[in-house]
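Written below as C-alpha cells is the structure these notes are about.
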Amino acid sequence: MAAKIIDGKAIAEEIQKALAAEVADLKAKGVVPGLAVILVGDNPASKTYVRNKEKACQRVGLYSEVHRLPESTSQEEVLDLIATLNRKPEIHGILVQLPLPDHIDQKACIEAIDPSKDVDGFHPVNVGRLQIGEKCFVPCTPNGIIELIERTGTPIKGAEAVVVGRSNIVGKPVGMLLMHRHATVTTCHSRTRDLAFHTKRADILVVAMGKPKVITGDMIKPGATVIDVGINSVDGKLVGDVDFDSAVEVAGAITPVPGGVGPMTITMLLKNAIEAARG
Ligand code: NDP
C-alpha cells in the first residue's frame, strides 16, 4: 500500500495561522516581534531564502528588516551590524544567512549574536543548552522535522530512529531531539559501513545527506515514517535524498520534496522569533 504523503506545506500553513494569532495577541500587549536578517553577497539561493523569510514575516505580522550587504563587505562591518542589532530593542531575533562569502568568518559572526536573539539556534550557547535538554532556541529544520513526525501520529518514544547525516544544522540536532523524546537513535554518515543495514531497521528514518535519491525503497522498513530533508537540483528539478517513487511503496508515511520539510523550516523560524519577543 502506498504511504501517506506528509503535506509539509499544509501543516506549515496551519501553524502559521496559529502564529499569526499569537502575534496579534502580542501586538495587543504592545509587543511587535521583530526579526533582522543579514544577507551578504549575491548567492541566488540565499537571496530566494531571504525573500521567502521576509514574505513569511509579513504573512504572520512580524516586523522584519533585511540588511542586504554587498559581497565586498568586511567581517568587521558585519560584526558591527550584529552588535547594533543586539542592542536594538525592537529586534528580537537576528539571523545571518549562510553561507557567508569566504573572507568572512562564519563562526565569528554566529558567536557575535546575542544568544537570546539567536533564532537560528546556531550559537554555541543554544547548541549546548539543546544538548543538556535546557530551554533554548532549537534549530529550525530539526524542529520542523519533529513537528512533522509528531503530527503524523508516529510514536517517537521507544522507536528505532535512524538519522542519515551528522551536520551541525540538521543531523546532530535532530538526533538529539529524537533522543530527548526517548527514541533509540542511530546516526549514519559517509563512513558508515552498511547504510542499508541501519536504514532498514528504522521506524523513523530522517535523511539529510544532500545526495539525490540514495535511499531507495529496498532500504526502508515497511511502514516506516520517512522524512526527506535533502534538496538537490537534478536536471532543473528539485529532488530529495530519498528515491520517492520506490520509497512511497514501502513507507508508512513520507515527506515529498519539495513541499515536505522545506516549508516547515521558515515556520519554525517565525515560531522562534515570536518566542524571543515573549522573552
Ligand atoms: P551537509 O553536507 O552538511 O551534511 C551531509 C551529511 O550527510 C554529512 O554528515 C555526511 O557525512 C552525510 N553523507 C554524505 N554522503 C553520505 C553517504 N553516502 N552515506 C551516508 N552519509 C552521507 O548537509 P546538511 O545537513 O546541511 O544538509 C543535508 C541536505 O538537507 C542538503 O540537501 C540540504 O540542501 C538539505 N537541507 C534542507 C533544509 C530544508 O529546509 N529543507 C535545511 C537544511 C538543509 P560526513 O559527516 O561523514 O561527511
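The values are calculated or read from the model by the stated rules, or taken from the named source; none is laboratory data. Owing to the predicted nature of the structure, the values given are computational and were not obtained by experimental measurement. Positions of Cβ are generated from backbone atoms using ideal geometry, with glycine treated the same way; all protein chains shown enter the neighbour counts.
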Residues being in contact (Cβ under 8 Å) with a residue 40 or more places away in the chain, of a type in the set (S, T, N, Q) and more than 6 Å from the ligand (Cβ to nearest atom) - total across the range 163-194: 1
The one condition in (1) assigned to a helix (DSSP H, G or I); (2) within 27 Å of ALA12 (Cα to Cα); (3) in contact (Cβ under 8 Å) with a residue 24 or more places away in the chain that ASN126 fails to fulfil: (3)
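Can you give me the number of residues within the range 195-212 that are surrounded by fewer than 19 Cβ atoms within 10 Å (Cβ to Cβ) and either closer than 20 Å to GLY252 by Cβ or more than 10 Å from the ligand (Cβ to nearest atom) (or both)?
Summing the residues that are surrounded by fewer than 19 Cβ atoms within 10 Å (Cβ to Cβ) and either closer than 20 Å to GLY252 by Cβ or more than 10 Å from the ligand (Cβ to nearest atom) (or both) in the range 195-212 gives 4.
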Residue within the range 58-78 that is under 19 Å from the mean Cα position of the chain (by Cα) and surrounded by fewer than 13 Cβ atoms within 10 Å (Cβ to Cβ) present: no
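Residues are listed down the side, and each one gets a yes or a no for (1) in a loop (DSSP other than H, G, I, E, B); (2) over 16 Å from ALA277 (Cβ atoms); (3) not assigned by TED's automatic domain parsing to the domain that holds LEU98:
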| position | (1), (2), (3) |
| --- | --- |
| GLU22 | no, no, yes |
| ASP25 | no, no, yes |
| LEU35 | no, no, no |
| LEU39 | no, yes, no |
| ASP42 | yes, yes, no |
| GLU54 | no, yes, no |
| ARG59 | no, yes, no |
| ALA83 | no, yes, no |
Condition check for LYS271: out of contact with any helix residue (DSSP H, G or I) (no Cβ under 7 Å at 6 or more places or on another chain) and more than 9 Å from the ligand (Cβ to nearest atom): no
Unmet requirement for VAL119, which otherwise passes all of (1) in contact with a helix residue (DSSP H, G or I) (Cβ under 6 Å, 6 or more places away or on another chain); (2) part of a helix (DSSP H, G or I): (2)
Elements of type helices (runs of 4 or more DSSP H) contained in the range 186-279, each with 3 or more residues being closer than 19 Å to GLY175 by Cβ: 195-199, 262-278
Meets criteria (outside the structural domain of GLY217 (by TED's automatic domain parsing) and either under 30 Å from THR154 (Cα atoms) or not in a helix (DSSP H, G or I) (or both)) for THR73: yes
VAL242 being of a type in the set (Val, Ile, Thr), more than 15 Å from the chain's Cα centre (by Cα) and within 16 Å of the ligand (Cβ to nearest atom): yes
Subset of the range 131-162 [away from the ligand (no atom under 14 Å from the Cβ) and either under 25 Å from VAL96 (Cβ atoms) or outside the structural domain of ASP241 (by TED's automatic domain parsing) (or both)]: GLN131, ILE132, GLY133, GLU134, LYS135, CYS136, PHE137
Some residue of the range 216-227 being under 19 Å from GLY144 (Cβ atoms) and within 15 Å of the ligand (Cβ to nearest atom): yes
